[in-house]
Amino acid sequence: MPRTDLARHLRRNFTPAEASFWILLHPLRQSGWHFRRQAPIGPYIVDFACKRSRLIVEIDGDSHYTDPGIARDTIRSAYLASRGYRILRFTNHDVLANPDGVFETVTTVLAEFKSTPS
């Protein structure tokens, strides 16, 4: 399946944690932060990306915490960081059980970006 088709498929098939995170982002999106869901960046599709702030947010399920998952994520994160992106990772449990903490972390990172000279 071509990457753009895969991204489109993933956008239509949210996990419960991704759906909750998208709702959590609503106030930020309303205040001008443009986040894309399932955004292709290079050879990867990231869960959420705010290109203006060079921020990627990944919502990780159990498969990310196996040895192969950790190895894949390490390579992927290195690639994205080399392109100037900062990556925040939350577990599904983080998003569903502690949405206020997740929201606070994201807003803190965005505030740091705003105060950085362009």
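The values are calculated or read from the model by the stated rules, or taken from the named source; none is laboratory data. None of the values given here were measured: they were computed from a predicted structure. With ideal geometry, Cβ positions are generated from the backbone for all residues, glycine too; neighbour counts draw on all protein chains shown. Only protein heavy atoms, including side chains, enter the accessible area calculation; ligands, DNA and RNA are left aside. Shrake-Rupley method; radii C 1.70, N 1.55, O 1.52, S 1.80 Å.
Quick notes on this structure:
- Per the conditions (1) open to solvent by 70 Å² or more (accessible area, probe 1.4 Å); (2) at pLDDT below 95; (3) assigned to a helix (DSSP H, G or I), the sole criterion not satisfied by Ser118 is (3).
- Within the stretch 20-41, being surrounded by 13 or more Cβ atoms within 10 Å (Cβ to Cβ) and not charged (D, E, K, R) holds for Ser20, Phe21, Trp22, Leu24, Leu25, Leu28, Trp33, Phe35, Gln38, Ala39, Pro40, Ile41.
- Condition check for Lys51 on (1) of a type in the set (Lys, Arg); (2) out of contact with any helix residue (DSSP H, G or I) (no Cβ under 9 Å at 6 or more places or on another chain); (3) at pLDDT 95 or above: one failure, at (3).
- Any hit, the stretch 66-86, residues being out of contact with any Cys (no Cβ under 8 Å at 6 or more places or on another chain), surrounded by 11 or more Cβ atoms within 10 Å (Cβ to Cβ), under 13 Å from Phe21 (Cβ atoms) and not hydroxyl-bearing (Ser, Thr, Tyr): no
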